[in-house]
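Each value in this text was obtained by applying a stated rule to the coordinates, not by laboratory testing. All figures in this text were calculated on a predicted structure; none of them were measured in a lab. Note: ideal-geometry Cβ built from the backbone for every residue, glycine included; neighbour counts use all protein chains shown.
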Amino acid sequence: MSDHYYAPDHLKAFGTISEGAPELGRKFFDYYSAVFAAGALTEREKALIALAVAHTVQCPYCIDAYTTECLQKGSDVEQMTEAVHVACAIRGGASLVHGMQMKEHAAKVGM
Amino acid sequence: MTSTLSSRRAPLADPAAQLATLDAAMTGRATFDEALRGAGWNALTPATLEIFQINLGKLCNMTCRHCHVDAGPDRSDAMMTRETVDACLRALDQTAAHTVDITGGAPELHPEFRYLVDEAHKRGKHVIDRCNLSVLLLPRNAGLAEWLAERDVEIVASLPHYRQRNTDAQRGDGAFEKSIAALRLLNQAGYGQGNPRRMLSLMTNPAGAFLAAPQASIENEWKTALKRDFGITFDRLLALNNMPISRFLEWLIESNNLDSYMSRLVDGFNPAAITGVMCRNTISISWDGRLFDCDFNQMLDLDASTPMTVENFDFTAWQRREVVTRAHCYGCTAGAGSSCGGATA
C-alpha cells in the first residue's frame, strides 16, 4: 500500500477494480470503451472533452491519461490548453452566475 | 535544432550502442519474436515484392531531433555513387516491383537524384520522393517541383502537424513556415488536387514519446485546417510512429522517456498490423549498395538474414529469407501499425 494518495501505478492497475464486482466492472469498462469510440464525434474531439472534464473533476490520473491520448489522437498543446480554458471558463462562470442569487437575496433582505 | 550524432562523436552514433541500449530497455519484456509467435507468426517472411526503397545517402539540409538516419548537412560522407545507382536499376529490372521509393537524407540534394528518377520513370515505375519540403526552397532546386510533376513523381512530404508548434519542436524553428511555402509551390505545380499523376501525401509522426494518431480519423481535419488556414490542399495523410533508434533514441534517453515509450510500443502491440509491415513487401538499399529488410534495420546495420548487395542481387534467394527483427520492430506494430506507407492495420 502506498503511503500517499494518487500513486501513479494506480492508473496502470485500474482494471483490477473489477475484482470486487466483476460484472459491474465489465459493464463499466465496456461502456467506457463504447463512449470513446468514434461516433457523431471523432475520437480526437472526445479526447479533448475528456481532458477538459478531467481538469474540472481534478483527477490527476485522467489528466495524465488524456494528455497523452489527446496527443495520440492528433491534437497539439495549444488546442489542449484551449480545452482546459473551456473547463476553467465554465467553472468560473458557474461561480459567477450564482452571484445572481446573491444579488437577488441581497436585494430582498437589504434596504 | 540539434546536430548529428556523428558530428558530436556521440556513442549512440554506433548502431551497436543503439542496439545494446534497446536490449537493456527491453529487460523483463517479451521480445518481438515472442510477440510474433504469440500472434501466430513463427517467422516474419516476405510477401510479394512491391517496393524498391533506395536510400541515396545521409546528406540533408535539416537536422530534425527525431531523425532515424542521423542525417544532416555534415553527412556528405555517405552518398550513393552512379555505379551503385546503376546496380540498383539492374536489380530492379530483375523484379516486378511497381514502385521506386527514393529516400535519404534529403534525396533531392544528391547529384544522382534526377538521373535515378528519370531512369525509374522510363521503366514505367511509380516513383516516390520522400521530401522534407524545405529542400524545395533552396535556390539550386528552383523548378524542381515542376520537374517532378512532369515525371508523375509522388511527393511524400514530412509534416508533423498542421499547426506550427509541434512542427517546429521536432524539425527546428522556422521549419513550419518553410513547409507551408514549399507546399504552396507543390500546389502551384499541380500537386495535391486529386490528380493521381500529381500525388501529394503528407506524412505525420509524433513530436514526442507517444504513438501516431490513426491517420484515417484525422485526415479530414488536416485537410480542412490546411485549406482554411493556408489555402493548401493535399491528397492523403500517412501517420507513422517514431522508431526508438538514432537521434530519437537519444532524445528518449535525455528526456527520461525511454522506458515509458518502450512500454507504449510493447503494450500497443497489434497483431492486425503485422501483415502490412513494410519489411514484407520492400527491399531497402543503403547508399553503399547493401540490401536490408527496412530502412530502420539499415540504420542499425542489421544485415539481412541472406546478406546481399545490389551487385550480386538474387531475387529468389531474397524472397526466401526471414526478416531480421529486434526490439525496435515494436514501433511498426504498435497501435494502428506504422510503415513507410503509413498505418498498416
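Details
- Rounded if a/c under 1.5, otherwise prolate or oblate - the stretch B:53-96, Cα gyration tensor axes: oblate
- Fraction in percent of alpha-carbon pairs per bin - 20 Å, the protein assembly as shown: 22, 53, 19, 4, 1, 0
- Rounded to the nearest Hz, the phi-derived 3J(HN,Hα) couplings of the stretch A:89-94 under the Karplus curve 6.51 cos²θ - 1.76 cosθ + 1.60 (θ = phi - 60°) are 5, 5, 4, x, x, 5, where x marks glycine and proline.
- The chymotrypsin sites (Phe, Trp or Tyr not before Pro) of the stretch A:2-111 meeting both criteria, a DSSP state outside H, G, I, E and B (loop) and at most 11 other C-beta atoms within 10 angstrom of the site's C-beta, are A:5, A:6.
- Here the protein assembly as shown carries DSSP beta bridges of which approximately 20% are antiparallel, counting only pairs with both residues inside.
- In sequence order, the stretch B:11-16 has phi-based couplings of x, 6, 5, 7, x, 5 Hz under the Karplus curve 6.51 cos²θ - 1.76 cosθ + 1.60, θ = phi - 60°, and Gly or Pro positions carry x.
- Here the dipole of the protein assembly as shown is about 1000 debye; that uses its Cα centre as origin and unit charges on the Cβ of Lys and Arg (positive) and Asp and Glu (negative).
- Sequence-distant contacts, meaning Cα pairs under 8 Å at least 6 residues apart, place the relative contact order of the stretch A:38-109 at 32 percent.
- Whole-Å distance, taken between Cα centres, linking the stretch B:2-67 and the stretch B:72-127: 22 Å
- Gaussian network model of chain A, springs between alpha carbon atoms under 10 Å - residue of A:89, A:21, A:37 with greatest fluctuation: A:21
- Annotation: lysines with alpha-carbon distance below 26 angstrom to residue A:46 (same-chain offsets under eight excluded): A:12, A:27, A:73, B:223, B:227.
- Among beta bridges that DSSP assigns inside chain B, antiparallel share in %, nearest 5: 20 percent
- Using only the C-alpha atoms, the convex hull of the stretch B:11-333 corresponds to 126 Å³ per residue.
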